[in-house]
Every structure is written in C-alpha cells, then in structure tokens.
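Chemist: Pasting a structure here, questions to come.
Just so it is clear, none of the values below were taken in a lab; they were calculated from the coordinates. Bear in mind the structure is a predicted one, so any value in this text is a computation, not a measurement. Please note: Cβ atoms are built from the backbone with ideal geometry, for glycine as well, and neighbour counts cover all protein chains shown.
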Amino acid sequence: MNAPAIACVGAGRMGRGIAIAFAYAGQPVALIDLKPRSDADWQRLSADAIGEITASLQALAKLGAVPADAVERIASRVSIVRNDDADAALAAAQTIFEGVPETLEAKREALARVCAAADAGAIIASTTSTILVTDLIPMVNHPERLINAHWLNPAYIIPLVELSAHDGTSTEVRERLAALLHGIGKTTVMCGPTPGYIVPRLQALIMNEAARMVDEGVATAEDIDIATRQGLGLRFAAIGVVEFIDFGGNDILYHASRYMSRTLSAERYTAPPVVDRMMAEGRNGLKSGAGFYDYAGKDIPAYRLDVLDRTLGMLRHAGLFKPPVLD
C-alpha cells in the first residue's frame, strides 16, 4: 500500500480526531508521533491511540452513524507511525496537519522536522487554537504553503474548520486545503490572523458571561443551559449572528448595548464603532434595506419565510416543535 497523502503530526486528541475524520470519509491517513520513545512506551501510545479511535467509532456505531461491522475497517485506514518512521511518512504526505502541544517550543521543533522531511509542495496546516499563523512563519521554509486550520472538537463530528492564512499564503494552498476539507464533508471559513479565530472569540465571551451570571446568582447553571439550548443556541443554529443583527435591526442592538453598558459593564457592552456608524447612517438591516448585508432587489417576504423555515427545522430537530391545538 502507498503511504497516505494525509498526515497528522502529533498523536494526541486533536490528531486522533482529524485522523478519524479522514478515515470516516474513506481516506487513509498517517498519525505521526515525533517523540522518541522506548519500545514499551511506543506500544502503550499506539495501543491508546488505536483504542481511542476504535472507541470513538464504536460510539458512532451505537448511535447509528456507522455500521457496526465497519468500525474496524474504518479504523484500519489510520496508520500509527513511530518517530523512527516519521520522515518517510512526512515525505509522502501532500497535506500535513500539525497538532503538537500549544507551545512555541513544541511548534518550532515539530515544524523544523516537518520542513526537513516534507516535499516542498506539501501543505503545512497548523491546528493551533492559540498561536497566530504569522507567529509560525519563521518556523517554516516555503512559508507560502503555511496556513492554520482550526478544527472544532470533536473534529470528526463538527463540520466547521476555520482557516487562517497570512499574507504570503498562496491562493493555491488556500484552495487546495479548502477543496480537501470539502471533500470529506467539512465546511470552511476564512479569517485573518487574529487571536480566537471566529468561533472561540465568540464563545469565550458567551461562556465567561454565563459563568459570571452563575457567580452573581442571576440564574442557575441549569437554567442558563436550558436558555442556551432552547433559545440562544437554537436561534443561532438557524440564523447567523451577523444575519441576526440585520434581521432584528441594528437599532435594537444599538439601544440594548447602550442600556447594558450603563447598567452592567461599559467594558463588556459598549457597542463597536460600526454599530454607532450604521445607526447614524440609518443602515438598520432588513427594515431599512441595508445593514451588514445589502437587501436591494431581495424578495423580502420569501427571505422571511426562509428564516422561519430554518427555525422550524431546528425546533423539529430538537424535538421542541409543538403542533397547534385544533379542537
């Protein structure tokens, strides 16, 4: 068998999750450990990685997402590669996902090894959730092939992968990586080299505010979670955050922000300049014909019906839809 064209460097949780994602989609993948280990330590790591991959697939089988008799076949697409054999696996790979621990030292060591062994045309995609792609540039040769690919856990379930490129990342690399990920059923978004990408930056604010409400006695953890699952989360699963601003009206966000900045925290709730600017310009979203999006020529009744349809779809999916009482 030829060596896999996909490699995950780092045999920890993220590397294993990415490996499952490719194996699930029918693609062989090399899960590479770059740490020198004794035979006994290597056997333990290998057994643990294979065990976790198999257990994850078995859990999917229990939930009907994988045929029970396919678990071993899917798991067998993942090759666990020891440090001694890493260079050969890296040389054969055309896309390499780096997933070693989140320290600059660990990244520097891993990327030096990858660059020394990999083909010059291979994509190097760091899965870091904290280190900017611009900080990794000095650690690689051919920086035009460097990009960050931030997967959301569990990587084999959540469809979104956030891509963050630097100015020198080639268009070809961006397109090749996006096409590869789309081919295994993932959705990609592109964001600039800024801390938190898109999802972590949004969710950190929400999680901190939820923890603060518990600490202040505003609501119980249980009630906050119910409100999140049946209100906030359900709505934002049907309509995007920025789309939601336009749908309800930027003016509503403007006034709500001013009130909460006075009564709760100016630091946390003062609206960004764009909200004030759009308010002054009368760009309040759907109701005014323009906001973050332009609604010129859009069939507004059809759009509103589509948003309602999406929301009803999420209600039905969550088992929360209640038919009307007709008698």
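Chemist: Any idea what diffusion coefficient the chain gets from Stokes-Einstein, in µm²/s, Kirkwood Rh on alpha carbon pairs, 4 °C, 1.567 mPa s? Could the numbers behind the result be given before it?
Modeler: Values: Rh = 22.7 Å.
D = 57 µm²/s.
Chemist: Set the Förster distance to 51 Å, then compute FRET efficiency between Arg229 and Ala106 from the Cβ-Cβ distance, nearest 0.05. Walk me through the numbers on the way to the answer.
Modeler: Values: r = 36 Å, r/R0 = 0.71.
So, using R0 = 51 Å, E works out to roughly 0.90.
Chemist: Highest GNM mean-square fluctuation, the chain, Cα pairs closer than 10 Å: which of Ala125, Ala116, Ala221?
Modeler: Sorting by GNM fluctuation, first place goes to Ala221.
Chemist: Tell me whether the range 199-317 comes out rounded, prolate or oblate; compute the Cα gyration tensor, take square roots of the eigenvalues as a ≥ b ≥ c, and use a/c under 1.5 as the rounded threshold.
Modeler: Working: a/c = 2.67, a/b = 1.24, b/c = 2.15.
Taking the square roots of the gyration eigenvalues as a ≥ b ≥ c, the range 199-317 is oblate.
Chemist: Continuing with this model, one more query. Run through the DSSP bridge list for the chain and note the antiparallel percent, rounded to the nearest 5. Provide the component values of the computation, followed by the final result.
Modeler: On the way: 7 of 31 bridges.
That works out to approximately 25 percent antiparallel.
Chemist: Which order do Asp225, Asp327, Asp251 fall in if you start with the one that has the fewest other Cβ atoms within 10 Å? Kindly include the intermediate steps, with their values, before the conclusion.
Modeler: On the way: Asp225 13, Asp327 2, Asp251 18.
Fewest-to-most ranking of Asp225, Asp327, Asp251: Asp327, Asp225, Asp251.
Chemist: In degrees from 0 to 90, rounded to the nearest 10, what is the angle of the helix 250-263 Cα long axis to the longest principal axis of the chain?
Modeler: Here the helix axis deviates by roughly 90 degrees.
Chemist: Convex hull volume of the Cα atoms in the range 6-191, per residue, in Å³? Present the calculation step by step, with values, prior to reporting the outcome.
Modeler: Values: hull volume 19.0 nm³, N = 186.
Output value, Cα hull per residue: 102 Å³.
Chemist: Quick check on the range 6-191: of the DSSP beta bridges with both residues there, what percent are antiparallel, nearest 5%? Show your work: numbers first, answer last.
Modeler: Numbers: 5 of 29 bridges.
Roughly 15 percent of the beta bridges in the range 6-191 run antiparallel, per DSSP.
Chemist: Looking at the range 130-233, send over the antiparallel percent of its DSSP beta bridges, to the nearest 5.
Modeler: Working: 5 of 10 bridges.
Beta bridges within the range 130-233, antiparallel portion: roughly 50 percent.
Chemist: Please give the residues of the range 106-130, grouped as numeric ranges, whose backbone N is less than 12 Å from a label point set 7 Å along the Cα-to-Cβ vector of Ile158.
Modeler: 129
Chemist: Tell me, His255, His166 in order of fewest to most beta-carbon neighbours within 10 Å?
Modeler: Ranked by crowding around the Cβ, least crowded first: His255, His166.
Chemist: In a Gaussian network model over the chain where Cα atoms closer than 10 Å are linked, find which of Ala49, Ala204, Ala256 has the largest mean-square fluctuation.
Modeler: Evaluated over the chain, the most mobile residue of the options is Ala256.
Chemist: Ignoring everything except DSSP H segments at least 4 long, calculate the 222 nm mean residue ellipticity for the chain; use -39,500 (n - 2.57) per segment, divide by total residues, nearest 500.
Modeler: Details: 15 runs with 163 residues, N = 327.
Theoretical 222 nm ellipticity from helices: -15000 deg cm²/dmol.
Chemist: OK, next. Would you please state the base-10 log of I(q)/I(0) at q = 0.16, 0.23, 0.27 1/Å for the range 192-262, with intensities from the Debye formula using one equal scatterer on every alpha carbon?
Modeler: -0.76, -1.29, -1.23
Chemist: GNM on the chain, C-alpha springs below 10 Å: top fluctuator among Ala21, Ala165, Ala227?
Modeler: Ala227
Chemist: Going by C-beta contacts inside 10 Å, put Met14, Met190 in order with the fewest on the left. Write down the numbers at each step before the final one.
Modeler: Working: Met14 23, Met190 12.
Least to most surrounded, the residues fall as Met190, Met14.
Chemist: Can you give the FRET efficiency for Ala318 and Phe244, using 1/(1 + (r/R0)^6), R0 = 25 Å, r = Cβ-Cβ distance, to the nearest 0.05?
Modeler: Details: r = 18 Å, r/R0 = 0.72.
Taking R0 as 25 Å, the efficiency between Ala318 and Phe244 is 0.90.
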